[in-house]
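The values are calculated or read from the model by the stated rules, or taken from the named source; none is laboratory data. Only a predicted model underlies this, so the values are computations on that prediction, with no experimental measurement involved. Here the Cβ positions follow ideal geometry from the backbone for every residue, glycine too, while neighbour counts run over all protein chains shown.
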Amino acid sequence: MADVKPIANDPVAGLVDIPLPREVTLWPQTWEARFAIAVLLVAITVGLWRMMRHRYANRYRREALAELKQIERADAAELPARLSLLVRRTALAAFPREQVAQLAGSAWLAFLDRTGGVTEFSQGAGRRLASAPYARAELDDGQRSALVVLVRRWIRGHHA
C-alpha cells in the first residue's frame with residue numbers, strides 16, 4: 001500500500017474565534033437616568049400608598065352600598081326603617097360619634113342635607129328617615145325608589 005501523508009495545510013486549523021462584545025448591562029449608564037428611575041419608583045410607591053389608604057378609608061362606603069342592594073329587595077313596609085338604620089350606621093362610621101350620635105329629627109335631617117350637599121332630606125323624600133324607625137309607613141313605588149336613590153347618592157357623595 002501506498003504511504004498516505006496527512007495534509008500539512010489544514011485550512012480550518014488557522015482560524016481564530018471572533019472576540020465577543022461585552023455583555024450589555026440593564027443598569028443605566030448615566031446618573032440622570034438613574035435619578036429619573038429613582039424618582040419614578042418613589043412616585044409609583046407614593047401613588048400606590050395613597051390609593052390603598054383611600055381604598056381603606058372608603059371601605060365603609062362599599063359595605064354600605066352592598067347592604068343597600070340587599071335592602072332594596074326588602075319588603076316595602078320595612079324599607080324606610082332599614083334605610084334609616086343604614087344611613088345612621090354609615091354616618092357613625094364616617095363622622096365622629098360625638099357629632100352624629102345625639103342627632104334626631106330635623107337636626108338629623110339637616111346634618112344629612114349639609115354633609116350630602118342636598119336639601120332632599122329635610123324637604124323631600126328623605127323626611128321619612130327621621131320617623132321611619134318609630135312609625136311604619138307603606139310607600140308607593142315612586143317614593144320607595146326616590147328614597148333609595150337619595151340614600152345611595154348620600155352614601156357615595158357625603159363629605160366631612
(request) Take the residues in region 101-115 that are at pLDDT 90 or above and among the aliphatic types (A, V, I, L, M), then tell me which one is nearest to residue 67 (Cα to Cα). (result) 112
(message) For region 48-55, check the following and say yes or no: at least one residue is part of a helix (DSSP H, G or I) and either among the hydroxyl-bearing types (Ser, Thr, Tyr) or in contact with an Asp or Glu (Cβ under 6 Å, 6 or more places away or on another chain) (or both).
(response) no
(message) Looking at (1) crowded, with 18+ Cβ neighbours inside 10 Å; (2) part of a helix (DSSP H, G or I), which one does residue 118 not meet, given that it meets all the others?
(response) (2)
(message) Name the single residue that is modelled with the highest pLDDT among those in region 149-160 being under 16 Å from residue 79 (Cα atoms) and surrounded by fewer than 18 Cβ atoms within 10 Å (Cβ to Cβ).
(response) 152
(request) Collect the residues in region 132-148 that are touching a residue at least 12 places away in the same chain (Cβ under 8 Å) and surrounded by fewer than 16 Cβ atoms within 10 Å (Cβ to Cβ), keeping them in residue-number order. (result) 133, 136, 137, 138
(request) Among residues belonging to region 72-90 that are among the hydrophobic types (A, V, I, L, M, F, W, C) and in contact (Cβ under 8 Å) with a residue 40 or more places away in the chain, point out the one that is surrounded by the fewest Cβ atoms within 10 Å (Cβ to Cβ). (result) 77
(request) Assess whether residue 38 counts as being surrounded by 10 or more Cβ atoms within 10 Å (Cβ to Cβ) and either touching a residue at least 12 places away in the same chain (Cβ under 8 Å) or touching a helix residue (DSSP H, G or I) at 6+ places or on another chain (Cβ under 6 Å) (or both). (result) no
(message) Restricting to region 139-160, name every residue that is of a type in the set (A, V, I, L, M, F, W, C), more than 23 Å from residue 99 (Cβ to Cβ) and not in a helix (DSSP H, G or I).
(response) 139
